[in-house]
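Since the structure comes first, as structure tokens, the remarks are kept for the end.
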Amino acid sequence: MLHTFRLIELTHLLSPHVPTWNGSCGFCLEVKKDYDRVFRVQQIKMHAGVGTHMDAPTHRFERAASIADIPLEKLIVPACVIDVSANIGADDEVSLQDVMQFEERYGIIPMGSLVIIHTGWSRFWHDPDAYRNVDAKGQMHFPACSSEVASYLLERDVAGIAIDTLSPDCLDQTYPVHELILGAGKYIIENLANASQLSPVGSYVIALPPRADQATEAPLRVVGLVPR
């Protein structure tokens, strides 16, 4: 079956130097035992919410679903890619008009799909200062998502949303998109890579986090499947 799809890597490479919300990811592969003792054994140290990762509802809401609670059928889903990369700025949000134009062209967003917002911001991934884009007052500036879009996508009953920036929320420090999406029991994927290689509709995404009990966030390996 896989030969009918082209596989797309949607995951950024993890290293100690990746851009993060607070500027430090804590990622480290520490060698605990080396080849002189037959096997090299490493310990991974990192914050859960760095690199390409998923936010579970319990990231915002106590006693909500954790990473381990998200069922597999929500993690292997059709994808809709809303491409706003041609005309979005660092302080812009994806608008309801953008979503309506997408649906006019490609049809209604199917229930249970993952909606990927492709802003093009991942081009700065290897320059953490540019990716975080912090001003003199400490405020980051990168494309985000409007709360109106989040509400609309919940009406479509999507599985979750993904974006190729640090967060679907940026300037609004009340984090309204997290509030809406996670509050509805959906998930958020942040720091997606290579969204431009997916088709607007017709592709699938496999987004698998480690099945960590009570985890509020978790790193992901995300793979896109594009029909040949």
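Given Glu217, Glu190, which one is surrounded by 15 or more Cβ atoms within 10 Å (Cβ to Cβ), over 20 Å from Glu93 (Cα atoms), in contact (Cβ under 8 Å) with a residue 40 or more places away in the chain and of a type in the set (Asp, Glu)?
Only one candidate qualifies: Glu217.
Checking Leu13 against (1) under 16 Å from the mean Cα position of the chain (by Cα); (2) touching a residue at least 40 places away in the same chain (Cβ under 8 Å), which single condition isn't satisfied?
Among (1) under 16 Å from the mean Cα position of the chain (by Cα); (2) touching a residue at least 40 places away in the same chain (Cβ under 8 Å), Leu13 violates only (2).
From Phe39, Phe27, which residue is without any contact (Cβ under 8 Å) to a residue 12 or more places away in the chain and not polar (S, T, N, Q)?
Phe39
Would you mind telling me which numbered condition in (1) touching a Gly at 6+ places or on another chain (Cβ under 9 Å); (2) over 19 Å from Gly120 (Cβ atoms) Glu190 fails?
Evaluating Glu190 over (1) touching a Gly at 6+ places or on another chain (Cβ under 9 Å); (2) over 19 Å from Gly120 (Cβ atoms) leaves (2) as the failure.
Could you run through segment 117-160 and say how many residues are out of contact with any Cys (no Cβ under 7 Å at 6 or more places or on another chain), of a type in the set (A, V, I, L, M), buried (at least 22 other Cβ atoms within 10 Å of the Cβ) and in a strand (DSSP E or B)?
Residues flagged as out of contact with any Cys (no Cβ under 7 Å at 6 or more places or on another chain), of a type in the set (A, V, I, L, M), buried (at least 22 other Cβ atoms within 10 Å of the Cβ) and in a strand (DSSP E or B) within segment 117-160 amount to 0.
Which condition breaks for Arg123 when tested against (1) over 16 Å from the mean Cα position of the chain (by Cα); (2) under 22 Å from Cys80 (Cβ atoms); (3) free of Cβ contacts under 8 Å to residues at least 12 places away in the same chain?
Status for Arg123: all satisfied but (1).
Tell me which residues, restricted to segment 53-76, are farther than 13 Å from Ile206 by Cα, part of a loop (DSSP other than H, G, I, E, B) and not aliphatic (A, V, I, L, M).
Scanning segment 53-76 gives Arg60, Phe61, Glu62, Arg63, Ser66.
Could you check how many residues of segment 75-103 are without any contact (Cβ under 8 Å) to a residue 24 or more places away in the chain and among the charged types (D, E, K, R)?
Adding up the residues that qualify gives 1.
When the residues of segment 193-214 are filtered to those that are buried (at least 20 other Cβ atoms within 10 Å of the Cβ) and assigned to a loop (DSSP other than H, G, I, E, B), which remaining residue is farthest from the chain's Cα centre (by Cα)?
The extreme case among them is Leu198.
Bear in mind that the values in this text are calculations on the coordinates, not laboratory data. Every value quoted in this text rests on a predicted model; they were computed, and no experiment measured them. Virtual Cβ from ideal backbone geometry, glycine too; neighbours counted across all protein chains shown.
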